[in-house]
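Before any comments, here is the structure.
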Amino acid sequence: MSSAGAALAELETPALLIDLDVLEANLAEMASVASKAGVALRPHTKTHKSPEIARMQLAAGAAGVTCAKLGEAEVMAGAGLDDLLIAYPLVGEQKLRRLDGLLERARVLVSLDSVEVAEGVGRVGLARGRDVEVLVEVDTGLHRLGRPPGPPTAELAARVAGVPGIELAGLLTHAGHSYRATTPEELRRVAEREVLDLVETAELCRRRGVEVRAVSVGSTPTARVGAFVEGVTEVRPGTYALNDATMVRLGHATEATVAVRVLATVVARPTAERFVVDAGSKCLTTDQMGSAPGWMLVAGRPDLQMDFLSEEHGVGHRDQAGGDPRIGDRLQLLPAHACTCVNLFDLAYGIRGGRVERELPIAGRGRVR
């Protein structure tokens, strides 16, 4: 039975909440940034895993969406979204058969960082009689995927462009290391380095005769800087839609702009200082757990600090001057990392004015293949 119209007090905990007013404001703000900068916005759906929220992003001005995995892209295509970037190399015949099926339903771009992956994707294009669009990933500091900027990437891009069945659409990077920044100045340096490395590499490719149309940068912390650098054509932020405690720590959000919360109930007070809630690591991410004050936040309760999570328990303490949470009290927890938190739930409650307006199935949950 639908919970639409229910008050928060009627929801069984733990429950995933998404404040619709905040979500809509966040989507509009980033769409405005992209519009003012004259770049395309292709938000990452891995943050929310929800086709309904993806449609809201498109309605707000996004040109298409980015998906973390093929399974996530299949969910979005099944919901009618038809312009998808899979920001992940597709390896193996099973993945390639699924890519072929997905191309029946949508425009699909794929990112990669090797000729071997390009050759596999190219076989799909040859069989279909239509080249598959790919973006070559560049490592601008995260040291995850991608060749270094400059000649190593330019050489790879030239080789990929020559693979039959492939159309080289451009270059892509993700400055995930921006989340480790400890000051606004460090964050700005990371953002500038990300986009300048990518733009300069794109120019080097062009000088070598390799056409590069798309220059795509990612990461919520760097998108607002990267969007305004000449040569960038697209930004791919994800977390901005919901925000989280990490975005608050980095200065890119406030408690008021965090749309996602986990509603939890205080179930124990073992000591005068300690409290325990019914949401643990199976509801909330352990990212940065206990690494610094504010790794997770309790909405409206700066006097309460979360200490650690076990599987089904969230353990915190109150400051000496703080109020006393009672057994049965309900708290709204702002997760350290929205993306992994949302992926732990089947359903989110879209709330407005303290009541459930509609349910939001997390249809892409667990689609990691």
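One residue stands out in region 129-175 among those that are among the hydroxyl-bearing types (Ser, Thr, Tyr) and outside any helix (DSSP H, G or I): the one that is surrounded by the fewest Cβ atoms within 10 Å (Cβ to Cβ), namely 140. Checked against (1) over 30 Å from residue 332 (Cα atoms); (2) touching a Lys or Arg at 6+ places or on another chain (Cβ under 7 Å); (3) touching a residue at least 40 places away in the same chain (Cβ under 8 Å), residue 43 passes all but condition (1). Residue pairs whose Cβ atoms lie under 7 Å apart, separated by 6 or more positions or on different chains, with the first residue in region 47-62 and within 17 Å of residue 18 (Cα to Cα) and the second among the charged types (D, E, K, R) and modelled with pLDDT of 95 or more, are 49/72; 49/365. Each residue in region 206-232 was checked for being at pLDDT 95 or above and either touching an Asp or Glu at 6+ places or on another chain (Cβ under 8 Å) or surrounded by 19 or more Cβ atoms within 10 Å (Cβ to Cβ) (or both), and 7 pass. Here is a check on your reading of the model: is residue 256 more than 20 Å from residue 352 (Cβ to Cβ) and of a type outside the set (D, E, K, R)? When the stated conditions are applied, residue 256 does not pass them. Residues that are over 19 Å from residue 204 (Cβ atoms), at pLDDT below 95 and not polar (S, T, N, Q) were ranked within region 136-179; the one that is farthest from the chain's Cα centre (by Cα) is 143.
Among the residues of region 63-93, the one identified as without any contact (Cβ under 8 Å) to a residue 24 or more places away in the chain and of a type in the set (Ser, Thr, Tyr) is 88. Comparison of 245, 202, 154 shows that the only residue that is touching a residue at least 12 places away in the same chain (Cβ under 8 Å) and under 30 Å from residue 343 (Cβ atoms) is 245. Taken together, the residues in region 214-261 that are part of a loop (DSSP other than H, G, I, E, B), of a type in the set (Val, Ile, Thr) and over 16 Å from the mean Cα position of the chain (by Cα) amount to 4.
Within region 282-301, restricting attention to residues that are surrounded by fewer than 16 Cβ atoms within 10 Å (Cβ to Cβ) and either free of Cβ contacts under 8 Å to residues at least 12 places away in the same chain or closer than 18 Å to residue 13 by Cα (or both), which residue is nearest to the chain's Cα centre (by Cα)? The selected residue is 282.
The values are calculated or read from the model by the stated rules, or taken from the named source; none is laboratory data. All values reported here derive from a predicted model rather than from experimental measurement. Cβ: placed from backbone, ideal geometry, glycine included. Neighbour counts: every protein chain shown.
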